[in-house]
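Structure first, commentary second.
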Amino acid sequence: IETRNINNSLIPYCVCIYNGTQSHSFYLSDYDSVNSMLTASINHLLNPFYDKHVVYIHNLSHFDGIFLLPVISKLQDKTLKLSVIKRDNNLINIRVKFGKNTINIRDSYLLLPSSLAKLAKSFGVLEKGIFPYNFVSANNLEYIGETPDFKYFENINEAEYNEYKFNFVNNNWSIRSETVKYCIRDCVALHGVLIKFNELIFIEFKLNIHSPL
């Protein structure tokens, strides 16, 4: 989930999903509310294709879960049931049963308590990109133009900024396309980290980290 700061509150404006081969994005401009966007992203996963799959979200317990859990809870009806395992205020597992199918949503940060940037580097997978978090506002979700100023970026130097800016010499920087690209890149990185981590754990302990709880 990508968020923007509106009056000191973090508000989701983009959700991306990667299943190992395909990516899907949900952007606020295409929906009438944040709730509708989040609901659409959850409904995308409530598909028999994902039966028995584990959905990992990095820092689910203390960030993404704050936005997603209320949405999933409201979807409960006769065909959709929700059960949550918590420990010490951490979301261990959210099991969503829909019809005859089930998905489990887990916090990858509880398995690997480090930033995604550090994990991607340590495991040698696709590393996180860069993005001007501080540029996104309440009124510019469809902005296309000059690359945002260096001051809007964090944790990069001017050389990295200038290299990034060179990709948009025609003033075609798009907040939508760059957000989606950045968000999907995070998903791909996390997928790669978890694949390699599971391989290491299985070799060492003959355990599958994705096993049912």
Test of understanding: what is the full-extension gain from K181 to S29, defined as 0.36 nm times their sequence separation minus their Cα-Cα distance?
53.1 nm
Between W173 and residues 5 or more places away or on another chain, the pairs with built amide H atoms under 5 Å apart involve G145, T147
Lys/Arg Cβ at +1, Asp/Glu Cβ at -1, dipole of the chain taken about the Cα centre: which of N139, G99, L126 is farthest positive-ward?
G99
Would you mind getting the accessible area per residue of segment 47-121, heavy atoms of the protein chains only, 1.4 Å probe, in Å²?
57
Take segment 16-118, compute every pairwise Cα distance, and split them into 5 Å bins from 0; I just need the percent in each bin.
2, 11, 21, 25, 21, 14, 4, 1, 0
Assigning unit charges at the beta carbon (Lys, Arg +1; Asp, Glu -1) and nothing else, what dipole magnitude in debye, to the nearest 20, does segment 98-206 show about its Cα centre?
520
Give a quick list of trypsin sites (Lys or Arg not before Pro) in segment 170-213 that DSSP marks as loop, anything other than H, G, I, E or B, with at most 10 other Cβ atoms within 10 Å.
K206
Using only the alpha carbons, work out the radius of gyration and Dmax of segment 75-173 in angstrom.
20.2, 56
Dipole of the chain, positive end: most advanced residue of C16, L213, N90 [Cβ charges, Cα centre]:
L213
Using amide H atoms built 1.01 Å from N in the peptide plane, name the residues 5+ places from T3, or on other chains, whose amide H lies under 5 Å from its own.
Y13
What distance in nm separates the two pseudo spin-label positions at H210 and S122, each 7 Å out from Cα along the beta-carbon direction?
2.1
Segment N59-L75, extension gain: residue separation times 0.36 nm, minus the distance between their alpha carbons:
3.5 nm
hull vol. (C-alpha, convex hull) per residue for segment 59-108, Å³ -> 62
Per the Cauchy relation, a quarter of the hull surface: what is the mean projected area of the convex hull of the alpha carbons in the chain, in nm²?
13.4
Rounded to the nearest 500, what is the chain's calculated 222 nm mean residue ellipticity when only DSSP H runs of at least 4 contribute -39500 (n - 2.57) each, over all residues?
-10500 deg cm²/dmol
HN-Hα J in Hz across segment 144-159 - Karplus 6.51, -1.76, 1.60, θ = phi - 60°, x for Gly and Pro
9, x, 5, 4, x, 4, 3, 5, 7, 9, 10, 6, 9, 9, 5, 5
If Lys and Arg each add +1 and Asp and Glu each add -1, what is the summed charge of the other residues whose beta carbon sits under 14 Å from the beta carbon of N19?
0
With charges only on Cβ, +1 for K and R and -1 for D and E, what is the dipole size of segment 67-123 about its Cα centre, in debye, rounded to 20?
160
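Quick one: putting +1 on the C-beta of Lys and Arg, -1 on the C-beta of Asp and Glu, what dipole do you get for segment 13-127 around its Cα centre, in Debye to the nearest 20?
500
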Loop trypsin sites (Lys or Arg not before Pro), segment 45-78, which have at most 15 other Cβ atoms in a 10 Å radius of their Cβ (DSSP):
K52, K78
With θ set to phi - 60° and the Karplus curve 6.51 cos²θ - 1.76 cosθ + 1.60, what are the ³J(HN,Hα) couplings of segment 185-198 in order, to the nearest whole Hz, using x for Gly and Pro?
4, 4, 5, 5, 4, 5, 4, x, 4, 5, 4, 5, 5, 4
Given the convex hull over the Cα atoms of segment 145-213, what projected area results after averaging over all orientations, in nm²?
7.2
Simple SL model, points at 7 angstrom along Cα→Cβ for N5 and I156; separation in nm is 1.8
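The values are calculated or read from the model by the stated rules, or taken from the named source; none is laboratory data. No experiment lies behind these values; they were computed from the predicted model shown. Using ideal geometry, Cβ is built from the backbone for each residue, glycine included, and neighbour counts are taken over all protein chains shown. When the accessible area is computed, the model is the full protein with side chains, heavy atoms only, and any ligands, DNA or RNA have been set aside. Shrake-Rupley method; radii C 1.70, N 1.55, O 1.52, S 1.80 Å.
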